[in-house]
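Presented below is the structure to which this report refers.
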Amino acid sequence: CDVPLPGKDLQSAELMTWEQLRALKAGGHGIGSHTFSHRVLATLSPEQQEREIKASRAELAARIGAEVLSFAYPVGGPQHINGHSVRLVREAGYKQAFTFNTGVARLPIADRFQIPRESAHTLDVLSAKTLMPGLMGLREKRAV
């Protein structure tokens, strides 16, 4: 796009430090993994996916000094993950994984390794999506 990248100071200011992550964890927040390099998993071989998924968990756990139980698929739409992705996340020892598939997770959760999530710009919009999922266009999508 011929747009210069922001300087390293600005790029770093947008990311949390390891100290900030440890403080969040100490404050009771869950910290989850998101792969090592944020590559789209469905474009990688199973071996490459395994490295991304496992290396991310190991590095994060070592840095925050705690077990990492959650995973969020990069980009996370149904076309961005596949059956290998889901299987490898499960085998890596995560307890749950979030997609970016639009939807509302109902209890009991059908597949804790493909939990949909939803974003909203305001609490009112999120409430509407939760209370009226069909009207708001939310439906379940899964990786094959």
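The values are calculated or read from the model by the stated rules, or taken from the named source; none is laboratory data. On a predicted model such as this, the values are computed, not experimentally measured, just so you know. Every residue, glycine among them, receives a Cβ derived from its backbone with ideal geometry; neighbour counts consider all protein chains shown. To get the accessible areas, we keep the full protein, side chains included, count just its heavy atoms, and leave off ligands, DNA and RNA. Shrake-Rupley method; radii C 1.70, N 1.55, O 1.52, S 1.80 Å.
Amide H contacts of F71 (H built 1.01 Å from N, in plane; Pro and chain starts excluded): S33, Q96, A97, F98 sit under 5 Å, all sequence-distant by 5 or more or on other chains. The fraction of accessible area contributed by carbon and sulfur in region 41-108 is 54 percent, rounded to a whole number (1.4 Å probe; ligands and nucleic acids excluded).
If R0 equals 35 Å, the separation of the Cβ atoms of V3 and A61 corresponds to a calculated FRET efficiency of about 0.45. Shape class of region 22-116 from the alpha-carbon gyration tensor: oblate, with a/c at 1.5 or above and b/c at least as large as a/b. Near G65, once Lys and Arg are set to +1 and Asp and Glu to -1 for all other residues with Cβ below 11 Å from its Cβ, the sum equals +2.
Around the Cα centre of region 28-93, unit charges on the Cβ atoms of Lys, Arg, Asp and Glu (plus for the first two, minus for the last two) sum to a dipole of about 40 debye.
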